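For reference, the structure discussed in these notes is given below.
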Amino acid sequence: MSKTTIQRILLFILLVLLQIWLFNNIHLFGVATPFVYLYFILKLPVKMNRNAVLLLSALMGLIIDIFGSTLGLNMFVMAIIGFLRFYLLKLFAPRDVFEDYAPSFETLGNFMFVRYVGTLALIHVVILHLMESFTLFDPVNLGLRITGSFILTVVFICAFESINIKGFKK
């Protein structure tokens, strides 16, 4: 196994454990929960096999579901994110870069990376909260939960990226 593969496995385990034990218990003002496990899928190499990305996304969602008792909700949302990641990278990644790289502040630039993270986080949070509530009975509360979770998710992912250890950068 290569060094980067081991680092990705460790990042996968770390983010799952952080999400299960720490971030699932954060409910800022009773509405906002950060979903930092999304960071793993965002940081996968651009040229990684799309089936592998989809499998890793679904696996991460399944593990979060098992420990969070959410009955397939995260697996469904993460499978959608894994599928859409390729198309969103085509929108945000520079066209003149041909080598295999992982999206980051360095490779995409600050503005494009935040747009990439924000777009995937918004899709993730909207689908997750709509499926979780399964009703539009209280649209104000639903809007607050989506907005708060989106902001917290983007802030935490950008913070993780800014303190990213040099070994995880490619």
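A few comments on the model shown:
- In the stretch 53-60 there is no residue matching the filter, namely being assigned to a loop (DSSP other than H, G, I, E, B) and under 21 Å from residue 164 (Cβ atoms).
- Extreme residue, farthest from residue 35 (Cα to Cα), among residues of the stretch 60-105 that are surrounded by 14 or more Cβ atoms within 10 Å (Cβ to Cβ), touching a Lys or Arg at 6+ places or on another chain (Cβ under 7 Å) and of a type outside the set (Phe, Trp, Tyr): 102
- From 115, 85, residue being under 29 Å from residue 25 (Cβ atoms) and assigned to a helix (DSSP H, G or I): 85
- Among the residues listed as 119, 33, the single one being polar (S, T, N, Q), touching a Ser or Thr at 6+ places or on another chain (Cβ under 9 Å) and under 30 Å from residue 144 (Cα atoms): 33
- When the stretch 15-25 is filtered for residues that are over 14 Å from residue 61 (Cα atoms) and under 14 Å from the mean Cα position of the chain (by Cα), only 23 remains.
- Positions within the stretch 92-109 being over 17 Å from the mean Cα position of the chain (by Cα), part of a helix (DSSP H, G or I) and either modelled with pLDDT of 85 or more or acidic (Asp, Glu) (or both), in sequence order: 106
- Selection from the stretch 24-55 of residues that are surrounded by 15 or more Cβ atoms within 10 Å (Cβ to Cβ) and touching a residue at least 60 places away in the same chain (Cβ under 8 Å): 31, 32, 33, 34, 35, 36, 38, 39, 41, 42, 43, 45
- Considering the stretch 40-52, and only residues there that are assigned to a helix (DSSP H, G or I) and under 18 Å from residue 91 (Cα atoms), the residue that is farthest from the chain's Cα centre (by Cα) turns out to be 50.
- Close pairs (9 angstrom Cβ cut-off, 6 or more residues apart or separate chains): farther than 17 Å from residue 33 by Cβ in the stretch 125-146, surrounded by 14 or more Cβ atoms within 10 Å (Cβ to Cβ) anywhere: 135/142; 136/130; 136/142
The values are calculated or read from the model by the stated rules, or taken from the named source; none is laboratory data. Here the structure is a predicted model, which means the values were calculated and not measured. For neighbour counting, all protein chains shown are included, and Cβ atoms are generated from backbone atoms with ideal geometry for every residue, glycine included.
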